[in-house]
Every structure is written in structure tokens, then in C-alpha cells.
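Working notes, beginning with the structure itself.
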Amino acid sequence: MLDSPPSWNFSHDSFVLRGFPELQRQRRLLALPFLASYASVLLGNSVLVHVIRGVERLHSPMYLLIGTLCVVDILVATAIVPNALLGLLFDWNHISLAGCLTQMFFTHFLSSVESTLLLAMALDRYVAICQPLRYADIIDSSMLVRLLLFTLIRSGSIMAALVGLAGSLWFCDSNVIRHCYCDHMALVSLACDDTQKNSTAGLVVIVCFVGVDISLIILSYMKILSVVLRAAAAGEERWKAFHTCGTHLMVMMCFYLVGSVSFLSHNLHLHVPTEVNTFMGLVYILFPATVNPVIYGVRTKEIRKGFKRIFKLREKKLTKTKVSPSAQSDVTCFQ
């Protein structure tokens, strides 16, 4: 005889994404902030990548890391926002189990890659400021290649195991995922069988990417601040250094703290309303992706110079195109 209840004779192979169920009547209005956020993510990060790619003096490790961060921000936003917009605008919110697991993998994989990039950027600044004479020996092209391999192996293996465990579950009750995208715990919470392994895997993810990364990031910024504050003679320079590091840490804490609460709310049995949890799951992805071009682009002197240089060169090309030599002779004749 079977020990399993009769309802376990089947498992759902398709699901319905239902984020913000209380606002279903206003879902088309809800699409506006999604669209605005996605447009700002695409525009800001694309411009920054274009500037870094087009200005040769920005082809240094720090700016290449910033450019890579921008690409990751575009990809992770693209993994969730277009599908969410289709659901809000046209009610196309059905997704297969395979599609759900694929979206889950890329969303969490890219978020973990972003965590590693933030750590790499903090360590890069630590070496540049605290050990400037050794910077060229420590941070070089081979180091970037090793960092890329480490990122892909760490993020890929951990997230593949996480998604594999979720895909092995039996879904025999509701098939409505109360989220705008296939979040790990939003799907796992629908399972009928034991999810202890999934909860443990979620804790491992937090330990690997939050516990380790944010600790090293904070330590690096503390060292940077101590060196900069000792070297800065004027109060204004000290405030500028403190403000810059503080702004970076605030954005990072939003990414790590909000993401951790959203990811672990089920594991820790936190009574977080579904709408709040969905909102946090969107904020930890879209907010950093929106403000990173400002934090690391607009507020960075060299990137501002690069943007002005590209803009002026393009303006000169347009002027030369519009005012050709033959056109200039015609203008002279009419004067």
C-alpha cells in the first residue's frame, strides 16, 4: 500500500504567477512603475557601459568591474520584469515548471554574481587605497580571469543545486505562486512533501553570499575609511570620503538585507505579508540596478569626464555631417 495521501498521485507542471493579488483590478496601473523602473535600468546601465567601452582610459580593472555590474543589472532585470509586465497588462501569467525553474536559476544566479562583483569592487578599492604600490601586481588581467572563473563556479554550482532541489519536489495542492516571478521560497512553499533540504539550501546561500561577502565588504570599507580619513587634512575632504563610502554601503545593505529577509522569510517563519514579501523581492533586484549607474557613474569623476568626451565627439561628428564643405561654400555665397 502507498503511504502517501491520494492527492500525491499528481504534481502540477504549470503555475500561475499572482503578485499583489489585492491589486488585481489596478494591475494595469501597477505596470507603470514596473515599466519606468525597467526603462531606467536599461537606459542608465546601457549609457554607462557605452561610456566605459568607448573611453580607453576607463579600461582599467575598477571600471571594467563597474561595466560588468551594469550588464548583470540589465540581465537580472530582464529576467523578471518583461514577464511580470505581460502578466499585469495582458494577464499572461501562466508559466511551466521548467520555465519557472529556469527563471529562478537565472534570477538567483545573476543576483549572486552581483554580490561577488560588489565584493570584488570593494577589494579593488582596498588594494588601490591601502596598498597603492602593489596595486599593479595584485590587480591585473589574470586576476580578473580568476575572479570570473570563481564567480561562475561558485554561483553556478550553488544555484544549480538550489534549483535542482526545488525541481524534485511534489506540487499537489495549489499552483498559484504568490509572487511576480519564480522566487525560490515562493515555489517551495507550495510543495506537499518535506522541504527541510530546501530550507537548508536557502540558509547555505545566505551564508555564502551574505555572511561572507558583506562581512568582507564592510571590513574593506572600514580599512579604506581609516586610511582616507587619516590622509585627509580638511574637514570637507573627510566628509566627502565618508559620504561616498556611506552611500555605497547603504545601497549594498539594501541589496543584502532586503534580499535576505525576502529569501529567508519562510525558513525563519517570519510573519511577513505576501504583498510585502513580493515588494521586497522586487526592491532588492530593481533598486540597486536603478541607482548603481548614479552611484558608480554620475558620481565618479573619471566616468563623468568620459561621458562629456564621448558627447563632445559625437556632437562634432554631427556638426561636420550637417555642415559639409559644399554646404559651407553655399553659405559663403549667400553672405
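Things to note:
- Directionally averaged shadow of the stretch 14-312, computed from the convex hull of its alpha-carbon atoms, nm²: 17.1 nm²
- By the count of neighbouring beta-carbon atoms within 10 Å, fewest first, K308, K223, K301 end up ordered K301, K308, K223.
- Burial ordering of H271, H59, H248, fewest other beta-carbon atoms within 10 Å first: H271, H59, H248
- Its residues counted as N, the stretch 63-146 yields a C-alpha radius of gyration over 2.2 N^0.38 Å of 1.52.
- Pairs of Cα atoms farther than 19 Å apart, the stretch 1-156, %: 67 percent
- When each of D73, D91 is scored by the number of other beta-carbon atoms lying within 10 Å, the sequence from fewest to most is D91, D73.
- Sparse packing (at most 12 other Cβ atoms within 10 Å of the Cβ) combined with a DSSP loop state is found for the following chymotrypsin sites (Phe, Trp or Tyr not before Pro) in the stretch 72-135: W92.
A short reminder: the numbers here are calculations on the coordinates, not readings from a lab. Everything numeric in this text was worked out from a predicted model, so none of it was measured. When we count neighbours, we look across all protein chains shown, and the Cβ atoms used for this are built from the backbone with ideal geometry, even at glycine.
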